[in-house]
1. Condition first: under 17 Å from Val185 (Cβ atoms), crowded, with 20+ Cβ neighbours inside 10 Å and not small (Gly, Ala, Ser). Now tell me which residues in the stretch 133-153 satisfy that.
2. Restricting the search to the stretch 19-48, which residues are in contact with a helix residue (DSSP H, G or I) (Cβ under 6 Å, 6 or more places away or on another chain) and closer than 15 Å to Ser92 by Cβ?
3. Quick one: what pairs do we get from the stretch 163-178, first residue among the basic types (Lys, Arg), second surrounded by 11 or more Cβ atoms within 10 Å (Cβ to Cβ), C-beta under 7 Å, 6+ apart or different chains?
4. Only one of these conditions is not met by Pro187: (1) over 26 Å from the mean Cα position of the chain (by Cα); (2) at pLDDT 95 or above; (3) not charged (D, E, K, R). Which number is it?
5. Just the residues that are loosely packed, with under 14 Cβ neighbours inside 10 Å and modelled with pLDDT under 85, please, taken from the stretch 156-183.
6. Sort out which residues of the stretch 24-69 are charged (D, E, K, R) and either in contact with a Ser or Thr (Cβ under 6 Å, 6 or more places away or on another chain) or assigned to a helix (DSSP H, G or I) (or both), and write them in order of number.
7. Only one of these is under 27 Å from Gln96 (Cα atoms), in the same structural domain as Gly119 (by TED's automatic domain parsing) and either modelled with pLDDT under 95 or polar (S, T, N, Q) (or both): Asp54, Asp37, Asp13, Asp22. Name it.
8. Of the residues that make up the stretch 70-83, is at least one in a loop (DSSP other than H, G, I, E, B) and either farther than 24 Å from Arg19 by Cα or without any contact (Cβ under 8 Å) to a residue 12 or more places away in the chain (or both)?
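The values are calculated or read from the model by the stated rules, or taken from the named source; none is laboratory data. As the structure is a prediction and not an experimental result, all values here were calculated from the model. For neighbour counting, all protein chains shown are included, and Cβ atoms are generated from backbone atoms with ideal geometry for every residue, glycine included.
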Amino acid sequence: MREPVNRTILLLDIERFSRRDDVVQVVLRRTLNKIVDQTLEAAGVEATQQYREDRGDGLIVLISADVAKTVLLRSLLTAVPDLLHEHNLLASDSAQMRLRIVLAAGEVAHDPHAGTTGGLVGHDLNQACRLLDADVLRSALAARQDEHCVLAVSAPVYEGVVRHGHRGVRPELFEEADVTVKDGVLPAWIHRGAAPDRMPARSAAPAPEAAPGPVRAPEPGRVPASEPASPPALQERPAGAVFHFHGAPVIHGSLVGGDQHGVSGGQVTGDVVLGGTRTEDGARRDGGRS
């Protein structure tokens, strides 16, 4: 067995992979490798600085300690969600892909054997795999139906990188979670994803001013809702002369009913018959003309 060396451990797992048929699984596996390719390329990771092991529904990626973890974190927080969004935007419902992601660090040894693949050995790797399979991480992804992935970091990554607030890495967006594993409780920090305080604040647009409309006189006997009703004895009488008609007055043949309170402004032309009707020859009957 080779000597263990320090590596950054990147684990990815596709949600609900085993529920898909074989054809969809092939598409998802190819898409996952493509996303990892582009994510590591964005972080400046060379092919010689990484080792990948296929896990069927996911990947184990070991990255050289020479690559800054801050760069990896920024790429995981930005590139992966964008690439998943592009895939899911065009994919059918059966080919939608969401990921659980763990970023850890520790000592890993490689013990390959002829005719077989794999051979990774290390306590830190085992703990990272347990974190990836933990119910708390699965529940975090299930609760974020509008997001495409969830990211957790191990205690060494949080203490050594995240909590210091390097550019693009905000520690307040990571929440601590205790993960119960076979040999005890494993501390981890889960990224909150698209948290409300990351979204730009929306300023309320001022309500448009209502255009001035025609002023309408209130109907007789009704008081506008915005004004309290006054006692009958205190109500003001309308300004101007008040005409009381006995019967229905006719203006140019039109019938005007109800109380009439003078005319302020404007002009009334033609005959106004008060208190009576007109005959066909224009003579008045039971009333006066003005």
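1. Leu137, Val153, listed by residue number.
2. Within the stretch 19-48, Val24, Val27, Thr31 meet the criteria.
3. So the pair list comes out as Arg163/Pro171.
4. (2)
5. Lys182, Asp183, listed by residue number.
6. Arg29, Arg30, Lys34, Asp37, Glu41, Lys69
7. Details: Asp37 fails: either modelled with pLDDT under 95 or polar (S, T, N, Q) (or both); Asp13 fails: either modelled with pLDDT under 95 or polar (S, T, N, Q) (or both); Asp22 fails: either modelled with pLDDT under 95 or polar (S, T, N, Q) (or both).
Unique residue meeting the criteria: Asp54.
8. Filtering the stretch 70-83 for residues in a loop (DSSP other than H, G, I, E, B) gives none.
No, that holds for no residue.
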